[in-house]
Amino acid sequence: MRPESGHIRETTVAAGLILDLVRYLEQQGVPLDTTYRSFALDPLLLEIPNARLPGSLVERAWEQASRLADDPDVGLHSAENFNPGALNILGYVLMSCRTAAEALGRLGQFAALVNDGMRVHEERDGARIHCRFEVVPNCDNYLARAPRHAMETMACGTLITMRRLTTRPIAPLSVTFQHARPARIEEHVRIFGEGIVKFGHSANGIEFRRADLEQGLLSANPALLAMFDLQAQELLAQIDRNQPERGTTSRRVLAILTRRITAAVPSVGDVALELAMSERSLQRELREEGTSFRQLIEDVRKEIALRHLAQPGALASEAAFLLGFSEPGAFTRAFRRWTGASPTQFQSA
C-alpha cells in the first residue's frame, strides 16, 4: 500500500529503462498501444531526453507487463534485452571504462540516475567483489512494496552488461534476493547458474570474482571520453601558460587530475601513491602552496566543464557524469557556484 501523506517524496526512474520492457512485450506479440494504455504511459515521454517516471507508474508497468506477457519472470527476460544505450550518457560511460570493475563502480556511483529509490554499494573482499542493491527508506518507494521484478532486473542487467562488455566469459559466484522463492526458478538457474541464487536472503546483490572484473572492456564507444581527455590536455597547457604562480606539487596534482578525472575522480590517496608520497605529506605541501586537494578538483572540474559547454551541442548531463558528479543537479549547483549562472544560461549567453 502506498503512503497517503503528500509530504513524502516519491522515487523516480529513468524513462529509458521502460523502453527495454516495452520492446520485450512487443517481441511477445503485445501491441504497443496496448502496452502504453495498460501502463497508463504517454509514449511521448519516452522521447524526452533525461525524462523520469514516477515510481508508482513503474510499479504498475511491472505488474501489467507480467500480466500482458503471461510471464512471472518478466524482470529477468526484460533485462536480457537490456541496452546500455537506454541509460543515455551513463551507458556510454560504462562502455568506455577501462575494466569491468571500473564500470561496476561507475554503475554504483550513478545508480540514482537510473532509479533514485535504489542505492548500489560495491564491496571488495580479497578475491571477490560484491555488488549490493539497497532500497532507499523514508520515501514513497515502490521497491519497498514490490521489489521482485526490479531487483531481478538489476541483478540480471548487471550480469548481462558485464558479459557484453568484457572479452572473456563472466559467471557470478552468488546472487541473493530478499523476496521469497518463486514457484519456479528454472529461468534463474538458466541465467545465473545452478546453485547460485538464494531467496529470502538478508540482502539483494550479486557477487563476482575480482579477477573476472579486472579484465579490459570491449570499448564500444570511447569517443566521448577521448573528447574529454583532449580537453583535459588543453587545460594542462593553459595552466602551464597562465598560472605559473602555482607551486610544483599543485601542478603535478593538476596533471594527474586532468588525466584521470574523466574516468573516476581519484582520491587523495590515489594521487599520493602516484606521486610516491604519503597522503599527509601531499596535503601538507598543498597547504604550503596555498591550496588543497579539494580545491584543485574544483578547479579542474570547472575548467573542463566550461570548455565542454562551449562546444556546439554539448549537454550539461555529459559534463556531470564524466566529471564524477552524482547527479545533474549537483553539477548545476556547482556550476552556479563557479560562474553565477546555470549551464543553460551559460550556453545561451
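Each value in this text was obtained by applying a stated rule to the coordinates, not by laboratory testing. Small disclaimer: the values here were computed from a predicted structure and weren't measured. Cβ sites come from the backbone with ideal geometry, for glycine too, and all protein chains shown count toward neighbours.
Ranking Met162, Met151 by Cβ neighbours within 10 Å, fewest first, what do you get? All intermediate terms of the calculation are to be shown ahead of the outcome.
Values: Met162 25, Met151 21.
Fewest-to-most Cβ neighbours within 10 Å comes out as Met151, Met162.
In order along the stretch 291-304, phi translates into HN-Hα couplings of 9, 8, 4, 4, 5, 5, 4, 4, 4, 5, 4, 4, 5, 5 Hz, rounded to whole numbers, per the Karplus curve 6.51 cos²θ - 1.76 cosθ + 1.60 with θ = phi - 60° and x for Gly and Pro. Counting beta carbons within 10 Å around each of Ser56, Ser202, Ser267 and listing the fewest first gives the order Ser202, Ser267, Ser56. Taking the square roots of 5 times each eigenvalue of the Cα gyration tensor of the stretch 12-213, largest first, gives ellipsoid semi-axes of 26, 19, 16 Å. Around the amide H of Leu173, modelled in the peptide plane, lie the amide H atoms of Glu207, Phe208, Arg209, all under 5 Å away and 5 or more residues distant in sequence or on another chain. Taking square-rooted eigenvalues a ≥ b ≥ c of the alpha carbon gyration tensor, is the stretch 161-215 rounded, prolate or oblate, where a/c under 1.5 means rounded and, failing that, a/b exceeding b/c means prolate? Prolate, since a/c reaches 1.5 and a/b exceeds b/c. Take 128-134, 209-215, 187-193, 101-107 and order them by the average number of nearby Cβ atoms within 10 Å per residue, most first; the result is 101-107, 128-134, 187-193, 209-215.
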